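Trainee: Sending over a structure as C-alpha cells; questions will come in a sec.
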C-alpha cells in the first residue's frame, strides 16, 4: 500500500509541476464556468433544481474529456521516456504501478471538480437548492470520473505514446457513449442492454436529481475495476516481450 501511495503522490505531483496539468485545470474551470452561466442559468427563469441538474449534466463533458487527458500520460509517458523499464524493475508489482498511476490521475481530477463547488453554491443567491442534491451530483461525477480515468489508464498502458493513448482512450469512452445513442433507437431487449452499458443517461440521471443509485455506483466501480485489471494484464504481457 505504501508503494501505491508513493506512486500516486509522484503522479499527482507531476500534474501540479507541469504546464499540462495546469492547462487542463484552467480549461475545465473555464468550460464549467461558461456552462453554468450560459447553459444552466441561462437567460430565462428556471427552478433552482433545474439549474443544478443542467450544470451537472454539462459537467459530465468535462469529467469525461478531463479524465481521458489526465490518464493519457500515466503509463505511455513512462514508456516513451524509457522510465517504465526502471519502474518495472523496482520492487513494485504491475498492479501497484497501475493503482498508483490511476489514483494520482483520479485525485487530480477530483481536485479540479472540487474547485467548481462554488458554482452550484451560487444558486443560493437567488434561489434555494438542496445540498443533498449537490452532494449526490458530485458523487455521481466522481463515480463517472473513476470509470473514465480507468478507461484512459488502460489506453495508456497499451499505447506507445501519449497521443495514441488519448485517441484510443477517447474512442473507448466514445463507444460507451454510443451505447446510449444506440439504446434510443433499439428495440427490447437490446434497448435495455445498451442503456445499461452507457456511461451516461441511465446511470448518471439519478445523481443529477439528488438520488444516490447503488446500482449505478456498482456499475461505475465494475467498469473501473475491469479496465484497471486489463491495464495490469497489459503491463505484465509487455514485461515479457
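Trainee: Failed condition for residue 211, given (1) free of Cβ contacts under 8 Å to residues at least 24 places away in the same chain; (2) touching a helix residue (DSSP H, G or I) at 6+ places or on another chain (Cβ under 7 Å); (3) in a loop (DSSP other than H, G, I, E, B), with all others met?
Mentor: Going through (1) free of Cβ contacts under 8 Å to residues at least 24 places away in the same chain; (2) touching a helix residue (DSSP H, G or I) at 6+ places or on another chain (Cβ under 7 Å); (3) in a loop (DSSP other than H, G, I, E, B) one by one, residue 211 breaks only (1).
Trainee: Can you tell me how many residues within region 214-237 are more than 14 Å from residue 96 (Cα to Cα), over 13 Å from the mean Cα position of the chain (by Cα) and surrounded by 13 or more Cβ atoms within 10 Å (Cβ to Cβ)? Spell out how you get there, then give the answer.
Mentor: The initial filter retains those residues of region 214-237 that are more than 14 Å from residue 96 (Cα to Cα), namely 214-224, 226-227, 237.
Checking which are over 13 Å from the mean Cα position of the chain (by Cα) leaves us with 214-219, 222, 226, 237.
After this cut, where a residue has to be surrounded by 13 or more Cβ atoms within 10 Å (Cβ to Cβ) as well, the list is 216-217, 219, 226.
Final tally of qualifying residues: 4.
Trainee: Could you check, for region 2-9, whether at least one of its residues is in a helix (DSSP H, G or I) and surrounded by fewer than 12 Cβ atoms within 10 Å (Cβ to Cβ)?
Mentor: We begin by selecting, within region 2-9, every residue in a helix (DSSP H, G or I); these are 2-9.
Filter once more, keeping what is surrounded by fewer than 12 Cβ atoms within 10 Å (Cβ to Cβ): 2.
The answer is yes, given that some residue of region 2-9 is in a helix (DSSP H, G or I) and surrounded by fewer than 12 Cβ atoms within 10 Å (Cβ to Cβ).
Trainee: Could I ask something else about it? Being farther than 24 Å from residue 75 by Cα, modelled with pLDDT of 85 or more and assigned to a helix (DSSP H, G or I) narrows it down to one of 216, 171, so name that one. Spell out the reasoning first.
Mentor: Numbers: 171 fails: farther than 24 Å from residue 75 by Cα.
Within the list 216, 171, the selection yields 216.
Trainee: Those residues that are closer than 15 Å to residue 71 by Cα and either surrounded by fewer than 20 Cβ atoms within 10 Å (Cβ to Cβ) or over 15 Å from the mean Cα position of the chain (by Cα) (or both), I need them from region 104-118; list them, please.
Mentor: Here is the first cut: in region 104-118, the residues closer than 15 Å to residue 71 by Cα are 104-112.
Within region 104-118, 107, 110, 111 qualify.
Trainee: Can you run down the residue pairs with Cβ atoms below 6 Å, 6 or more apart or on separate chains, where the first is in region 176-187 and touching a residue at least 60 places away in the same chain (Cβ under 8 Å) and on the phi > 0 side of the Ramachandran plot and the partner is part of a helix (DSSP H, G or I) and crowded, with 17+ Cβ neighbours inside 10 Å?
Mentor: That search, which allows pairs on different chains as well, returns nothing.
Trainee: Filter region 17-39 down to the residues that are without any contact (Cβ under 8 Å) to a residue 40 or more places away in the chain and part of a helix (DSSP H, G or I) and list them by number. Even if it seems obvious, please write down each step before you answer.
Mentor: First, the residues of region 17-39 that are without any contact (Cβ under 8 Å) to a residue 40 or more places away in the chain: 17-19, 22-23, 26-27, 30-31, 34-35, 37-39.
Once the filter is applied, which keeps residues that are without any contact (Cβ under 8 Å) to a residue 40 or more places away in the chain and part of a helix (DSSP H, G or I), region 17-39 yields 19, 22, 23, 26, 27, 30, 31, 34, 35, 37, 38, 39.
Trainee: A further question follows. List, please: which pairs have Cβ atoms under 7 Å, are six or more places apart or on different chains, and start with a residue in region 100-128 that is over 28 Å from residue 224 (Cβ atoms) and end with one that is surrounded by 14 or more Cβ atoms within 10 Å (Cβ to Cβ)?
Mentor: Every condition considered, the pairs that remain are 123/48; 123/51; 123/52; 123/129; 127/48; 128/48.
The values are calculated or read from the model by the stated rules, or taken from the named source; none is laboratory data. Owing to the predicted nature of the structure, the values given are computational and were not obtained by experimental measurement. Counting neighbours? That spans all protein chains shown, and the Cβs are built from the backbone with ideal geometry, glycine included.
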